[in-house]
1. Can you pull out the residues in segment 101-117 that are touching a Gly at 6+ places or on another chain (Cβ under 6 Å) and assigned to a strand (DSSP E or B)?
2. Say we look at segment 240-252 and pick out the residues that are over 13 Å from the mean Cα position of the chain (by Cα) and in a helix (DSSP H, G or I); which of these is nearest to ILE189 (Cα to Cα)?
3. Go through segment 217-262 and report how many residues are out of contact with any strand residue (DSSP E or B) (no Cβ under 7 Å at 6 or more places or on another chain) and not charged (D, E, K, R).
4. In the list LEU193, LEU152, which residue meets the criterion of being more than 21 Å from THR6 (Cα to Cα) and in the same structural domain as ALA216 (by TED's automatic domain parsing)?
5. Can ILE88 be described as within 29 Å of ILE157 (Cα to Cα) and of a type outside the set (D, E, K, R)?
6. Among the residues of segment 205-222, which ones are at negative phi and out of contact with any Ser or Thr (no Cβ under 8 Å at 6 or more places or on another chain)?
7. Select from segment 135-159 the residues that are among the polar types (S, T, N, Q) and assigned to a strand (DSSP E or B) and write down the one among them that is surrounded by the fewest Cβ atoms within 10 Å (Cβ to Cβ).
8. Can you name every residue in segment 160-181 that is among the hydrophobic types (A, V, I, L, M, F, W, C), outside any helix (DSSP H, G or I) and more than 29 Å from LEU235 (Cβ to Cβ)?
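The values are calculated or read from the model by the stated rules, or taken from the named source; none is laboratory data. What you see is a predicted model, and the numbers here were worked out from it, not measured in a lab. Here Cβ is always computed from backbone atoms with ideal geometry, including for glycine, and neighbour counts include all displayed protein chains.
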Amino acid sequence: MTVSHTVSVDLGERSYPIYIGSGLLHEPEFLVNHIPGNSALIVTNTVVAPLYLEAVEQALRAHDIRHDSLILEDGEQYKTVATAEKIINCLLQNRHDRQTSLIALGGGVIGDITGFAAAIYQRGVHFIQIPTTLLSQVDSSVGGKTGVNHPLGKNMIGAFHQPQCVIADTDTLDTLPTRELSAGLAEVIKYGLIHDADFFDWLEQNIELLKNRDYAALCQAILVSCNIKAEVVSLDERESGIRAILNLGHTFGHAIEATMGYGNWLHGEAVATGMVMAADLSQRQQWIDRTVKLRTISLLEQANLPVRSPPEMSVDDYMQAMVIDKKTVNGTIKLVLLKKLGEAVISSDYDPALLEKTLLEA
C-alpha cells in the first residue's frame, strides 16, 4: 500500500475517504474495496484514457468486476446535458442496474458529469472519483457537487451526490500540462485566503516547489486543501451556509467563463481573476488592507495565473451573469469576500457603487 495520507469526509452514513499518494492507480484495493456490486462503468476523456484507463481496467479485471468504458471529448464546452445523456445511454445499452458503480477518471469536468449521471441514473447509483488534475484533487472531486453547465450559467443543472471514495494519485500530475497545474494552484491558494493564513504564508514560501511539481510540496498542498474542504463540507453538506465560502472568486469567475465561452478560460484562471476582484472589493469596503490584496495578486502571478479582468467584458456583462449565480437571493447578489487574510464572509452588505468600481477597474 502506497497511500501517504487519508482524509475523511465526515457525513454520517455518507462519509468517505480521500486517499492521497503516489502509485494508487496500481493498488487495486483502493478502488475495488469501494465497489459494492460486480459491475462498473469507467467514464474518462480522450486525453486521460491513453494514459490511465488501462490501469483502472486492469484493477477491475483482476477482481472479476464486469466493466465498460466510455471515452468522452475533453473540455469544459462538453460539460452539458447532452454529454450526461451519453453516459446514461451507455449504462442502458450495456444493461447496468442499480448495483453498478460509475468511475470518474479525469479532471473536474469528467468528475462533475459522471457524478451527475450517477445521481440521476435509476434515481442514484454509486460512483468513485479518480481525479487526475490538481484542481480536481484539491477541490471538485470532494464534497459531492455534481452537475453540468447551461449556456446562461455554469453548473446550473446538478445534484448533491457524494462519492464512495476519492483516489488522488499524485503521479497523474506528472502528465498534467503546465497551464492546468497553474489552474489547480488557484484553488489551493483560495484555501489559504478563506481559512488558513498560515497556509497562505507557506504557499508564498513554497510556490516555486509547487510549480516544479515537487512531490512533498504537492502532497502537503493537496492534504491541507482536502482537510479544509472536508471540514467545511462536513459542517454544511448542501451549501445552506458556511460552505459558500469555498466559492471565493467563483461568482466573478463563473461570469468570465460564461461570457468568454466555456473552455477559453480555464476554471482556475477565471477563479484567480475572480479572487483578485473579491480582494479588490473587500479593500474598497475597508475590510482588508491593501497589503492583503497585493499579496494575493503577487502569489497568483507567481503561479502564472491571470489577475486582470478580460478587457472585453463590461459591467453589464458581469451583472447579467452574476445575477443568476446560485448564491443570489431575491435578485440580490451575495458575494464571498474577505474580512482578513484567512477569513471569508458571505455577504450582500457591500456598496453597489464600490462593486461597480471593482468591475470597471480590477
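1. Step one: list which residues in segment 101-117 are touching a Gly at 6+ places or on another chain (Cβ under 6 Å), which gives 104, 112, 116.
Listed by number, the list holds a single entry, ALA104.
2. ILE245
3. Within segment 217-262, residues that are out of contact with any strand residue (DSSP E or B) (no Cβ under 7 Å at 6 or more places or on another chain) and not charged (D, E, K, R) number 21.
4. On the way: LEU152 fails: in the same structural domain as ALA216 (by TED's automatic domain parsing).
That would be LEU193, the only listed residue that is more than 21 Å from THR6 (Cα to Cα) and in the same structural domain as ALA216 (by TED's automatic domain parsing).
5. On the way: within 29 Å of ILE157 (Cα to Cα): yes; of a type outside the set (D, E, K, R): yes.
In short, yes.
6. We begin by selecting, within segment 205-222, every residue at negative phi; these are 205-212, 214-222.
Once the filter is applied, which keeps residues that are at negative phi and out of contact with any Ser or Thr (no Cβ under 8 Å at 6 or more places or on another chain), segment 205-222 yields GLN205, ASN206, ILE207, GLU208, LEU209, LEU210, ASN212, ASP214, ALA216, ALA217, GLN220, ALA221.
7. To start, the set of residues in segment 135-159 that are among the polar types (S, T, N, Q) comprises 136-137, 140-141, 146, 149, 155.
Of the ones still in play, those that are also assigned to a strand (DSSP E or B) are 146, 149, 155.
Details: THR146: 27, ASN149: 25, ASN155: 19.
Only one residue fits best here, namely ASN155.
8. From segment 160-181, those among the hydrophobic types (A, V, I, L, M, F, W, C) are 160, 165-168, 173, 176, 181; that's our starting set.
Remaining after also requiring outside any helix (DSSP H, G or I): 160, 165-168, 176.
LEU176, the sole residue that qualifies.
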